[in-house]
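Just so you know, all these numbers are worked out from the coordinates, no wet-lab data involved. Given the structure is predicted, the values throughout are model-derived calculations rather than measurements. No Cβ is skipped: glycine too gets one built from the backbone with ideal geometry, and neighbour counts run over all protein chains shown.
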Amino acid sequence: MTELKGWLLAENPDSRTQAAFGRGYLGWLRFYHNPLAMIGFVIVLTLLLIALFAPYIAPEGISSGLTGDALKNARFLPPSAEHWFGTDGQANDVFSRIVIGSRITLVIVALVIFTAPILGFIIGTVSGYFGGWVDILLMRITDVFLAFPKLVLALALAAALGRGLESAIFAIAITSWPAYARLARAETLTIRNTDYLAAAKLQGASHWRLISGHIMPLCLSSLIVRVTLDMAGIILTAAGLGFLGLGAQPPTPEWGAMIAEGRDYILSYWWLATFPGLAIFTVALGFNLLGDGLRDVLDPKSGGQH
Amino acid sequence: MTDPKIPAITINDLSIHFGSGDELVKAVDHVSFTVPAQQSFGLVGESGSGKSTILRALAGLNTHCDGQMLLEGESLQSARSKAFYKKVQMVFQDPYASLHPRHTIDKILAEPLAIHGFKNTEQRIAKVMEQVALPNKFRFRYPHQLSGGQRQRVAIARALILEPKILLLDEPTSALDVSIQAEILNLLNQLREELSLTYILVSHDLAVVSYMCEQIAVMQHGKLVELLQVDQQGKTDAKDPYTLQLNLASKGYDRAVIEQFIDHD
């Protein structure tokens, strides 16, 4: 163990890999000593593990499959040792539905992460790097998208494309990329006139090499921080769309849709809406704390170059 | 080898201005000079005299210029070719700003080789690090783990790794401690001898330039004031009052000297 530590913290690394691992380890150390960030990290990690092993954790699946008298006796049961979070109107185990619903939350998160920030990142860096009419054109497009109210556009898209999780994700992605483009452009503008970029130009580096090899790595950390902090908002928007009936449709165990189902019984059967609500709250909080911690580790402006 | 009679760099009636209308600033005003191959040519003057602007224009970082710039007798186009960068490289003033903060020394040195498609990366990096006297243990460090002098050595190594013939040096020592300055200047002198390089050295310090160069151009307000030859003893026969004043200034801060100063505006 000490040997590994010595290797990671070596002042004079012997290879590219060692240097990269050493740098990563130093970042991890800083992250590790931030208790709030670690809480966020543990929450997000738990979410990942729960989603991964959902079929083994969830004892009863998303649907009880009961009918008739059996259904009558098994529905709206309050939380107990048998049903931790109680049962709903179809006698489904709320705990199992929340566990399986975590997969849907993660799918939303993953799909949004792999579309909006990447698109915004490329548009922003290209726009900032080239400047001139490229910048003007790309930024005016960005302005147009920024001018759309997020939820209203999402409603319109859901109406046009049909209700469902896909249109909810699409709506979220298409309304959230401009923020990342603005961020990446602003970061690029601070870098574009630096000497090290001029030096790279003087070596004959192509535009693409300058953007991908020199500009993007420097903008990436603030983008990651921003995305992590936005993740909570994205989960809430997805849940909100589900609640309004425009996202995932019942009987899909999407957390927002589950709250919507529980809304009718909120006074008599409080557990129906409370537990999915708590799940959304916990995950959103986890991403926020993680984002704050990542900012301390990754953002060179607040973290210091040591 | 190219014909030594063809000058490495010729600058003909070069003018560079920024802005337009009332805010037009003439940074460089009809400047001409010639740098013979394997010579060291000094450009000296106060801040804002246009010396760095000429250097950046030569490197192709500044495209708004009138006049002619010739590299080994061939006129330079506004878009520089890859072949140009293989011949001409630049070392920047501030080694804290000229190295990418997220790249290791190894990556910084490997990048120009990758751009120009060289295969023997390992050998070349080892060789150039030896040339600038950087110990091999620094190879996988990040710039923030090095001192200013070591960083400037990395910057010089990066410029040398493509084996250029001409180095443009933009105040290569003015961001460094006095003790390190001499080290870097000696290294540059030694490299010029070993690799038969041509230098254009920009500095505000006449002492540095007369130590390093055979020919000096003195600039003020974008104009070339005087062209000097440096003799064996590192002395010049300056006549222009501005040059004489620069000469005094390079001797350090002295009350008697300050009192002799004339405002040349």
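Quick check: from the Cα gyration tensor, does segment B:1-159 come out rounded (a/c under 1.5), prolate or oblate? Walk me through the numbers before you get to the answer.
Values: a/c = 2.20, a/b = 1.58, b/c = 1.39.
Verdict is prolate for segment B:1-159.
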**Asked** Using only the Cα atoms of chain B, what do you get for the radius of gyration and for Dmax, in Å?
**Response** 18.8, 59
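At a Förster distance of 56 Å, what's the computed FRET efficiency of A:Lys5 paired with B:Ala182, Cβ-Cβ distance as r, to 0.05? Before the final figure, lay out the partial values.
On the way: r = 40 Å, r/R0 = 0.72.
Between A:Lys5 and B:Ala182 the formula returns 0.90.
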**Asked** What angle do you read, to the nearest 10 degrees and between 0 and 90, between the alpha-carbon axis of helix A:116-130 and the longest principal axis of chain A?
**Response** 20 degrees
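Normalised by the empirical 2.2 N^0.38 Å for globular proteins, what value does the Cα Rg of segment B:69-141 take?
Details: Rg = 14.6 Å, N = 73, 2.2 N^0.38 = 11.2 Å.
Scaled against compact globular proteins, the figure is 1.30.
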**Asked** Mind checking the log10 I(q)/I(0) for chain A at q = 0.07 Å⁻¹? Debye, one equal scatterer per Cα, no solvent, two decimals.
**Response** -0.37
**Request:** Set Lys and Arg Cβ to +1 and Asp and Glu Cβ to -1, take the dipole of the protein assembly as shown about its Cα centre, and tell me which of B:Val88, B:Gln150, A:Ala110 lies farthest positive.
**Result:** A:Ala110
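Work through the residues other than A:Ser80 whose Cβ is under 15 Å from its Cβ and net out their charges, Lys, Arg +1 and Asp, Glu -1. Don't skip to the end; give the middle numbers.
Working: positive: A:Arg75; negative: A:Glu60, A:Glu82, A:Asp88, A:Asp93.
Net local charge, A:Ser80 excluded: -3.
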**segment B:9-235: antiparallel DSSP beta bridges as a percent of all, rounded to 5** = 50 percent
**Prompt:** Residues with amide H under 5 Å of B:Met219's amide H, sequence separation 5 or more or different chain, H placed in the peptide plane at 1.01 Å from N; which?
**Reply:** B:Val44, B:Gly45, B:Val225
**Item:** Extreme residue, positive dipole direction of the protein assembly as shown, given options A:Tyr196, A:Leu241, A:Ala37 (C-beta unit charges)
**Value:** A:Leu241
**Message:** Check which residues have an amide H placed less than 5 Å from B:Ala27's amide H, if you skip close sequence neighbours.
**Reply:** B:Ile16, B:His17, B:Phe18
**Interchain or long-range residues, amide H under 5 Å from B:Ile9's placed H** = B:Val35, B:Glu72
**Request:** Rounded to whole Å and sorted largest first, list the principal axis extents of the Cα atoms in segment A:148-306.
**Result:** 71, 39, 22
**Prompt:** Across peptide B:198-208, what mean number of C-beta atoms from other chains lies inside 10 Å of a residue's C-beta?
**Reply:** 0
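Based on the alpha-carbon gyration tensor of segment A:20-177, what equivalent-ellipsoid semi-axes (square roots of 5 times the eigenvalues) come out, in whole Å, largest first? Spell out each step's value before the answer.
Numbers: eigenvalues 337, 139, 24 Å².
They are 41, 26, 11 Å, listed from largest to smallest.
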**Fill in**
Cross-link reach from B:Lys239 to lysines, straight Cα distance under 19 Å and at least 8 residues apart if same chain, gives B:Lys223, B:Lys251
**Asked** Got a sec? Charge dipole of segment B:9-235, +1 on Cβ for Lys and Arg, -1 for Asp and Glu; which of B:His103, B:Thr10, B:Thr53 is way out at the positive end?
**Response** B:His103
**Message:** I need the peptides B:140-150, B:15-25, A:53-63, B:89-99 ranked by packing, meaning the mean over residues of other C-beta atoms within 10 angstrom, with the highest value on top.
**Reply:** B:89-99, B:140-150, A:53-63, B:15-25
**Request:** Assign unit charges at the C-beta atoms only (+1 for Lys and Arg, -1 for Asp and Glu), then state the dipole size of the protein assembly as shown relative to its Cα centre in Debye, rounded to the nearest 20.
**Result:** 1220 debye
**Gyration tensor (Cα) of the protein assembly as shown, equivalent ellipsoid semi-axes in angstrom** = 65, 26, 20
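What's the magnitude of the charge dipole for segment B:9-235 around its Cα centre, counting Lys and Arg as +1 and Asp and Glu as -1 at the beta-carbon? Answer in Debye, nearest 20.
Details: 22 positive and 24 negative charges, 216 e Å.
So the dipole magnitude of segment B:9-235 works out to roughly 1040 debye.
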**Message:** I want to check the label-to-label distance for A:Arg263 and A:Ile57. Put each point 7 Å from Cα in the C-beta direction and report it in nm to one decimal.
**Reply:** 2.7 nm
